[in-house]
Amino acid sequence: MKLKMENTINNLGSTYTLFQNECNDALKGLINKLFLNKNYRVFNILNKLRKNYPNVSIENNELALESFYNSYMKNGYIKYVGNTGYKMFNPFNNILEEIDKNEAGTVPINNNEIVTKNNNFTNPNVNNLYDLNYNNYKQMITSKKTVVWCSNDYLCLSNDKRVIDVGIETLKKIGNSSGGTRNISGSLLNHTQLEYILAKWYNKESALLFTSGYIANLGALETLGKLLNLIYVSDEMNHASMINGMRESRCMKYIFKHNDMKDLERILKTIRTDNELKNRKVMIVFESVYSMTGNTSNIPQIIKLAKKYNTLTYIDEVHAVGLYGNKGSGYVEELKLCNQIDVINGTLSKAIGSLGGFICANKYFIDVIRSYSSHFIFTTSLTPVNINTAAEAIHIIQNDINLRLKFQNVVKKTKQKLTEMGIEIINNRTHIVVALINCADKCKKICDELKHDYDIYIQPINYPTVPR
Ligand SMILES: Cc1ncc(COP(=O)(O)O)c(C=O)c1O
């Protein structure tokens, strides 16, 4: 048995050996088990691709990431858009030109169909069809301006001129698609740079991008759960993406009452005094800012309990990313506790104003997740515009504390005004303003009226998104 394992490892190249040498014993044991069970196909394939796809840990300086980072911190991302990406070559333009020259205007599309060059826009039926749609469309548009009161684009960075400039430059220089999954052809240097930026932002060794915050939770929790045979201990108010990630791992799960440290400790004690469970790896899963109430979790106390009962910690910072802390990375940074949390999850889709999600953790966690998570491997990577605009937005957030202060001021004034007008709001210290109506019909009616009479769009949130 031992010989077989060594043979397997020897065949797998440097990343695996590095992993074996440096990884902690428990994780190493579990990975070995995977190898023995012949579940190593993904590692094997990735090792062959590693030359073009370096491990994005902050200590890896293969791609001059450190000097890139220093310059980015000073000047923003625009100068890196063109230099580091690559212009996608579009072979179809040339092929079509050739056909134009050689075949006097006819292009075979498939066996049944011949389209004559230039005739599709002069065809009167096609024009009518377009006109009809356009008129319908025009009727749906009004010239009224509506203010959206429930947007997650917290800092309006999706409309910032500097971000838009980076987006336009990216489209011109790279195009609109990443061109594939991360392991096949969808890994641009821009992805790597953004992962480096995120790792630095959260003071972690490494980071990994996913196509959304939702998918990042699914991928990380499913994979870590399976690999480490975890027991999850989860806050009852956790987001659906975390619940589904834990569910997909098929691991054992305990739920503690929302933010209730006594209940959390009761569960941890039960696990650690149970003969069968006491040596298992446990992970506490929670959010920093809960978007339905706006309250924050008791992070210092959770960390204390995690140390006392020897557990891992996983936090979802989705609603705090970009808004709290000295560098604006989130609530954990504000508390100066990034180093004390094992895995931090976040989104590029809210305060950063783009699309995508990520996790930050130590390089071993990141390496196994990117090697084993189907939510990371089998999907097209984020587009160049998504990632480059996110990099620019993060630069703005890090360098412009006034943007955050201005936002928090608006929140404070809104809460003040609502209270003055006798509207009951939940008392919290975050940017989430929760006005309790306590009746679904009334809540819908108020929202309709706001839209109709004041051009304010706000979405009522009812059961089951929140408790009845
Ligand atoms: C707590 C929490 N986690 C994760 C997500 C998913 O993030 P994304 O919109 O990037 O998929 C959300 C979305 O609203 C959320 O509220």
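The values are calculated or read from the model by the stated rules, or taken from the named source; none is laboratory data. Source: prediction; values computed, not measured. For neighbour counting, all protein chains shown are included, and Cβ atoms are generated from backbone atoms with ideal geometry for every residue, glycine included.
Worth a mention:
- Apart from one condition, L194 fits all of (1) in contact with a Phe, Trp or Tyr (Cβ under 6 Å, 6 or more places away or on another chain); (2) within 16 Å of the ligand (Cβ to nearest atom); (3) of a type outside the set (V, I, T); the exception is (1).
- Taken over the range 198-219, the criterion of being away from the ligand (no atom under 16 Å from the Cβ), surrounded by fewer than 24 Cβ atoms within 10 Å (Cβ to Cβ) and over 15 Å from R370 (Cα atoms) is satisfied by K200, N203.
- Members of the range 316-336 that are of a type in the set (A, V, I, L, M) and more than 10 Å from the ligand (Cβ to nearest atom): L323, V332, L335
- The single condition among (1) in contact with a strand residue (DSSP E or B) (Cβ under 6 Å, 6 or more places away or on another chain); (2) surrounded by fewer than 24 Cβ atoms within 10 Å (Cβ to Cβ) that K226 does not satisfy is (1).
- Q398 of a type in the set (S, T, N, Q), away from the ligand (no atom under 16 Å from the Cβ), at negative phi and more than 22 Å from the chain's Cα centre (by Cα): no
- With a requirement of 3 or more residues that are polar (S, T, N, Q), the helices (runs of 4 or more DSSP H) lying completely within the range 352-417 that satisfy it span 384-399.
- Annotation note: of I303, I299, the sole residue that is within 16 Å of the ligand (Cβ to nearest atom) and not hydroxyl-bearing (S, T, Y) is I299.
- Among (1) part of a loop (DSSP other than H, G, I, E, B); (2) under 25 Å from T223 (Cβ atoms); (3) away from the ligand (no atom under 16 Å from the Cβ); (4) of a type in the set (S, T, N, Q), the one test that N339 misses: (1)
- Set side by side, the residues I271, I243, I315 differ, and just one is assigned to a helix (DSSP H, G or I) and either over 24 Å from the mean Cα position of the chain (by Cα) or under 25 Å from I397 (Cβ atoms) (or both), which is I271.
- Of all the numbered requirements in (1) over 13 Å from the mean Cα position of the chain (by Cα); (2) surrounded by 24 or more Cβ atoms within 10 Å (Cβ to Cβ); (3) of a type in the set (S, T, N, Q); (4) within 13 Å of the ligand (Cβ to nearest atom), T347 misses one, and that requirement is (1).
- Residue identified as in contact with a helix residue (DSSP H, G or I) (Cβ under 6 Å, 6 or more places away or on another chain), more than 25 Å from T347 (Cβ to Cβ) and not assigned by TED's automatic domain parsing to the domain that holds Y202 among I458, I423, I437: I437
- Qualifying residue in the range 229-237 (condition: surrounded by fewer than 18 Cβ atoms within 10 Å (Cβ to Cβ) and more than 16 Å from the ligand (Cβ to nearest atom)): yes
- Taking the criterion of being surrounded by 21 or more Cβ atoms within 10 Å (Cβ to Cβ) and either closer than 17 Å to Y72 by Cα or out of contact with any Leu (no Cβ under 7 Å at 6 or more places or on another chain) (or both), the only residue of the range 175-186 that qualifies is R182.
- Breaking point among (1) part of a helix (DSSP H, G or I); (2) under 18 Å from the mean Cα position of the chain (by Cα); (3) within 16 Å of the ligand (Cβ to nearest atom), for V285: (1)
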